[in-house]
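Structure, as structure tokens:
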Amino acid sequence: MESSVLSVWICPGFFIFLIWAQPTAADSRPTDTKPAHIGKLYAGQINRDIEEVYSFNYTSKPGKVDALRVFVRSDSDDLEFPVLFVVRQQKGVLSWQVPLAFRGYYQRTYTYQDVSRTLCPTDPAGLAPASEQFMYIDIASMAPNNVNYELIVRRLTDFELLTDIPLNFSASPSQPQYFLYSFPEGMDSVVIKVKSAETYPCTVVSVQDITCPVYDLDHNVEFNGVYQSMTKKAAITIQRKDFPTGQFYVVFVIKPEDYACGGSVPISTIDSHTWNLKRVKHMEVTITPSINNSVYIHATLLCFLFFLIFYLGAFLVFFIHHLRNQKKGLNINGSPDEGEGTVAASHPITTSTPEGSSYGAIDESRQRKGKPLPPIPRPRVYSDSSVDEESDFDGIPEMEGDKNVIQAKTFLYVSDLSIKDRRTISKKYKIYFWNIITIAVFYALPVVQLVITYQTVVNVTGNQDICYYNFLCAHPLGVLSTFNNILSNLGHVLLGFLFLVIVLHRDLQHRALLEANDVYALEYGIPKHFGLFYTMAIALTMEGVLSACYHVCPNYSNFQFDTSFMYMIAGLCMLKLYQTRHPDINASAYAAYASFALVIFLAVLGVVFGKDNWWFWVTFSIIHVVGSLALSTHIYYMGRFRIDVSNADFGIFRRIFQILYTDCMQQCSRPMYMDRMILLIVGNIVNWFFAIFGLVYRPRDFASYLLGIFICNLLLYLAFYIIMKLRSSEKIRPLAVFCILATAVLWAAALYFFFQTLSSWEESPAQSREKNRECILMHFFDDHDIWHFLSATAMFFSFLVLLTLDDDLDDVRRDKIPVF
């Protein structure tokens, strides 16, 4: 430095060397001692004996925020002796070094020799009158040799973001960017939307209060404000109440590695130090107004009104039935005429077995030619004993006759499987109801506590990567980040309660008939047991509660909250469909809930181990196939093929093989129960297909895969039931037909919206945000909210199908209702 003036400041224990720069024309710096002009390029050399100080002055403009950006570069690649830059302003100090080093995973270090930083504005509100501002930049190094550097300071013209006006810019790890936004008058909430055509490099978008310093480097960007990682999309909803000044900074930081966004270490990083990676990202940021309070009110009212329509519809149906019953003037003490309202006694699939091997079967050919045979009288035992409730699959007591003879008939009637005391059976099915209430309480309370903790952590830390929302349609309310996703689950609760009321109405009517000793209630129609229906209503309500809890903060750890009761609903529907014509041999509540617990346990294991562990899929596929065979055998022989665990009798599979070999290989005889055989063959083919599919493709979303197995089995059984009902010349009443059609249409529409994936906890938060979409209904509800509405409605109509499907049999004697 030829014309520099060296001043030495002596302090206790050390020296400070200060150079007031008076550079020559060769280094392109001012030749006088006045502050330097903004925008010029300053170049020079520095070592341990020299410290450079540049002073800058500029005149602020009234009504406009002045922001300066400093660009520095050095040819030094020595991390031991970097060049230090210190910027002193009126209200703060900012410092950094060149080369600028960033730490990555596995002790990797990424260094950059080009650095630019935006200086914190002195007057971010832009309210101060025009005045002259001063700034000083100190440059120093402990390097033993001269180090070249370059410095330039510029005034930013696009520092302030405007509403609905996009801004395009670029950023890199060593050149972060941030901008200022001020709420317009009367606007309470805005959405910051960022998009990029490039997936990587990984970016962090942060919203920080108007304070200095601004945290705009990788190691400190998470210290303040709200932030989220980003690949191609990012969206953050900001409320004015969170920023008293009505202003905030939007900060963009490029990560040195892509781990946080689901990426990997660049291939070029083969050593511990990597220099000047070209990690530049081009982005566009737009700030748009969010919805106002009136939209919240209208959306909430619409949600309530939509589901209240179902209450009005149910009331209308009750009223019409009441008028119809009054018009008919039914005599509750009378009995129907012979043959009135009965169905044909012929079975849809005839069977022929060798002589002597009918197992007590009724000769149906005689029934078709002549007068139907009278039903075989069965003694009825009226006992309130709970002994029958102890077994997993409740069979017919030995004192009532030879149950093997009864159940082994080729063609069974409902009267054959409903000879136990109705009071005992009703108590057995009420256990389902009380057990599910207990399960719901003990399950829901820790869930609520956990999601409240999650939401608190998100609000306190500002880390929006914890929860997998659809950020482009996330409307906060109070402490809740996505009120719309929670509100849309209201349908499950309201429709669950409505179904409970409908079942209660039917139950009270049936009790009135029983108290009057009405012959219809005692000897006609399907036996009425409402315990499982009550249980289904509670399950639907709890599905809404737990789904709302899950959507408070959806993530990998709590996804099972949203699906646990879906498994139970599917299982309860299958049990209810089976119990309709098999009331005496259905599973007990304890066995059923134990099975549901096992399924949920497998679901948790699948979420934890099912991603890359082939051994899990092999084990699960074996359990799936073997379980299907064992359950099929039990269904085929209607509970007479049992496993005695107390005696370690696990020979069921050996007996299955013997029967298959005897009946299908040696004799090639026609199956004794053709209809059940067809159902079980199709069911096993479907389940084996699921097992093979899972083993080959190993779907990452194991919970949905397992739920798909349950739903497919339920739909298969329901279709079989309806087909057999029609083939048995039974009728389906208009109300049931309407419910079936509504169920089919609603499930089809609901599944369409379900597969419009808006987020995915199987991926990184940044990758999940790539699937985010705008609201599609009232600017408040997204595709997943529509799924909530439609799925709740579809499940409600599905329950009504099970409730009304056999209403046509209320005037038919039980000894003429076939079992299938």
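The values are calculated or read from the model by the stated rules, or taken from the named source; none is laboratory data. Only a predicted model underlies this, so the values are computations on that prediction, with no experimental measurement involved. A quick note on method: Cβ atoms are made from the backbone with ideal geometry, for glycine too, and the neighbour counts reach across all protein chains shown. What goes into the accessible areas is simple: the full protein's heavy atoms, side chains included, and nothing from ligands, DNA or RNA. Shrake-Rupley method; radii C 1.70, N 1.55, O 1.52, S 1.80 Å.
Couple of notes before you dig in:
- J(HN,Hα) series, region 434-447, from Karplus relation 6.51 cos²θ - 1.76 cosθ + 1.60, nearest Hz, glycine and proline x: 5, 5, 5, 5, 4, 4, 4, 5, 6, 7, 6, 4, x, 5
- Stretchable slack from PHE81 to SER131, in nm (0.36 nm times residue separation minus alpha-carbon distance): 14.1 nm
- Prolate/oblate/rounded call for region 475-633, Cα gyration tensor, a/c under 1.5 rounded: oblate
- Measuring only protein heavy atoms, the 1.4 Å probe finds PHE753 accessible over about 40 Å².
- Within region 794-820: backbone nitrogen closer than 14 Å to the ILE678 label point (7 Å, Cα to C-beta): 820
- Computed P(r) (all Cα pairs; region 506-568; 10 Å bins; percent): 20, 31, 18, 17, 12, 3
- Two-decimal Rg/Rh across region 96-183, once Rg and the Kirkwood Rh are taken from alpha-carbon atoms: 1.04
- 5 angstrom amide H check on THR203, placed H, neighbours 5+ away: MET230, LYS255
- Summed side-chain charge close to LEU777 - residues other than LEU777 whose Cβ falls under 11 Å, Lys, Arg +1, Asp, Glu -1: -4
- Sorted into 10 angstrom bins from 0, the C-alpha pair distances of region 167-269 split as 14, 47, 29, 8, 2, 0 percent.
- Rg/Rg_ref, region 671-820, where Rg_ref = 2.2 N^0.38 Å and atoms are Cα: 1.34
- Around TYR469: net Lys/Arg minus Asp/Glu count, Cβ-Cβ under 15 Å: -3
- With a simple spin-label model that places each label point 7 Å from the Cα along the Cα-to-Cβ direction, the separation between TYR106 and SER426 comes to 7.0 nm.
- Inverse mean reciprocal Cα-Cα distance (Kirkwood Rh) of region 698-758, Å: 13.8 Å
- Rounded to the nearest 10 Å², the accessible area of LEU316 at probe 1.4 Å: 100 Å²
- Debye-sum result for region 551-620 in log10 I(q)/I(0), which assumes one identical scatterer on each alpha carbon, at q = 0.15, 0.18, 0.22 Å⁻¹: -0.64, -0.81, -0.97
- Couplings 3J(HN,Hα) for region 582-598, derived from phi with the Karplus relation 6.51 cos²θ - 1.76 cosθ + 1.60 (θ = phi - 60°), are 10, x, 8, 10, 6, 5, 6, 4, 5, 5, 5, 5, 5, 5, 4, 4, 5 Hz, where x marks Gly and Pro.
- Put PHE318, PHE565 in order of accessible area, highest first, and with a 1.4 Å probe you get PHE318, PHE565.
- Extension reserve of the ALA516-VAL626 stretch, reckoned as 0.36 nm per residue once the Cα distance is removed: 34.7 nm
- Net length gained if the chain between ASN292 and HIS321 were fully extended (0.36 nm per residue, minus Cα distance): 5.9 nm
- For the peptides 792-803, 575-586, the ranking by packing is 792-803, 575-586, with the highest mean count of neighbouring Cβ atoms within 10 Å listed first.
- Per residue, the Cα convex hull of region 146-212 amounts to 163 Å³.
- Sum of side-chain charges, LEU508 neighbourhood, beta-carbon under 12 Å (Lys, Arg +1; Asp, Glu -1): +1
- Accessible surface, 1.4 Å probe, highest first, among residues TYR524, TYR259, TYR721: TYR259, TYR524, TYR721
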